[in-house]
Amino acid sequence: MSDTGDLPARIGSGSVARDDYALGKVPPTWRYRTSEIVLSLTGGATAAIFLSLPAGLAASFGIANVLVAIVYAVLVQTLLNVLYVKTASRTGLGSALMSRGLALGFDGAAWTTLLYWVSWLTYFATEGQILSSALSAQTGIPVKVSYLLVGLVFLPLVLYGLQFVAKFQKWTLYAYVVGLAALLVIVLSRADLSVTREFIAAHVGSVGGIGLLGAVASYNGLVGNVAFGHADMGRLLANDHSLVRSGRRGTLCVALLPYAFGAYVIAGAIGLLLWAASGGDANPGQYMVAIMGVGGFLLIVITQLRINLINAYSGSLSLANFFSRLRFTPGRSVWAVVMVVLGTLAMYLNVLDHLGTVLAVEGVLLAAWIGVSIADLLLVRGGADTGRTTAGSSSTAAPCCATGTGPG
């Protein structure tokens, strides 16, 4: 995962640093090292949703079905991530422009971009609810007031581009690892492990049937969204033509380490353990505070700041691309603020308690999007540059598709 060269990784203005070429093809002069992309992605991979989702699914479908679903998610996620990261890094195109240049065309890509934004909005609201529950548990203020306070905290953080995101994720990662390790030590030292083992045994269940389908469907909602998220980050990954080089294993490190291994395997196992040790509480915002007090509250704050910074960043890219179809391009920072405001309002709809259902529905739609884009990319174009299309093709409803640049 090492990078070579002493040259600066990027050359660009302050506005470029804020927008990260949200509406256009990323040039070789604005690329990030492998380590910076991986660190940025860990902000999402350390999200509390990866602790709470397997626990919530285990309560409904059994631990055995959840473990099978996790194995499925790891395999599919890694393969999709490798494909999208490699293509995005080579072309400099994110998920929106990539879809526009493939089978979906100018209008079709607009609607898939809107679907993509709804996914990020869902995640922002879910993680915001978890943080709000921790804030209410620690301070005693009403949870609906906490929703508003959490939204206000994120407003100044989302105005900057990936440069700020990478630095923020790097320094908060150390605090997250230390805090999570302390939580595990406390749980394993205090908990009656025999009771925990009995709880796990009672919820193992059998593999197959509706339970397995339900668990897999819920993970599909994550897999599809995460894959396109890797495309949006992969467009910024250094390649052979950029000022700095990505290591030979750069694509694999980006595709595997943060989510497929870190989020699904490591966080999934920890989430199931903490769920069992807490007697069935699937909300990290509640059991972290209950177990560690102020320390647990600080841990959940760090976790949620990390993930919702990524959610707001990715959601702002989706909004910027969608409204560029309407020739309305105020800049990514403006859409980041809109994303936070709408995400805060979505918290009041209690998305967290309906997360499995929401992810299952999103998974069906995202799977269709992935199927179309992969079929066009691998079978029709044979891995050719998605920024290039033949003249007169129906999938190139706008000139920007042929050049790989956005309308803005």
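Less than 5 angstrom separates the built amide H of TYR32 from those of LEU237, ALA238, all sequence-distant by 5 or more or on a different chain.
Can you classify region 245-325 as rounded, prolate or oblate using the Cα gyration tensor, where a ≥ b ≥ c are the square roots of its eigenvalues, rounded means a/c under 1.5, and otherwise it's prolate if a/b beats b/c and oblate if not? Since a/c reaches 1.5 but b/c is at least a/b, the shape of region 245-325 is classed as oblate. Could you state the number of Å between the C-alpha centres of region 180-208 and region 24-73? Comparing the Cα centres of region 24-73 and region 180-208, I get a distance of 23 Å.
Going from the fewest other Cβ atoms within 10 Å to the most, the residues HIS354, HIS203, HIS230 appear in the order HIS354, HIS203, HIS230.
Summing charges over neighbours of SER218, with a neighbour being any other residue whose Cβ is under 15 Å away from its Cβ, gives -2 when K and R count +1 and D and E count -1. Ordered by the count of other Cβ atoms within 10 Å of each Cβ, fewest first, LYS167, LYS144, LYS25, LYS86 give LYS144, LYS167, LYS25, LYS86.
Listed by chain and number, the lysines whose alpha-carbon sits under 30 Å from that of LYS167, ignoring those within fewer than 8 places in the same chain, are LYS25, LYS86.
Approximating the spin labels as points 7 Å out from Cα along Cα→Cβ, the HIS241-to-THR139 distance works out to 5.0 nm. Loop-located chymotrypsin sites (Phe, Trp or Tyr not before Pro) across region 296-371 with a Cβ neighbour count of 13 or fewer within 10 Å are PHE328, TYR348, with loop assigned by DSSP.
Taking a temperature of 20 °C and a viscosity of 1.002 mPa s, what whole-number D in µm²/s does Stokes-Einstein yield for the chain with Rh from Kirkwood over alpha carbon pairs? Rounded to a whole number, D works out at 100 µm²/s. For region 26-403, the dipole from Cβ point charges (+1 on Lys and Arg, -1 on Asp and Glu) about the Cα centre works out to 1060 debye, to the nearest 20. Cut-off 13 Å, label point 7 angstrom out along Cα-to-Cβ of ILE266: give me the residues of region 134-174 whose amide nitrogen falls inside. Label zone hits: 173-174. A cut-off under 15 angstrom between Cβ atoms defines the neighbours of GLN129, and their net charge, with Lys, Arg +1 and Asp, Glu -1, is -2. Residue exposure proxy: ILE374, ILE141, ordered by other Cβ atoms within 10 angstrom of their Cβ from fewest to most, comes out as ILE141, ILE374.
We did not get these values from a lab; they are worked out from the coordinates using the rules stated. Because the structure is predicted, anything quoted here is derived from the model rather than measured. No Cβ is skipped: glycine too gets one built from the backbone with ideal geometry, and neighbour counts run over all protein chains shown.
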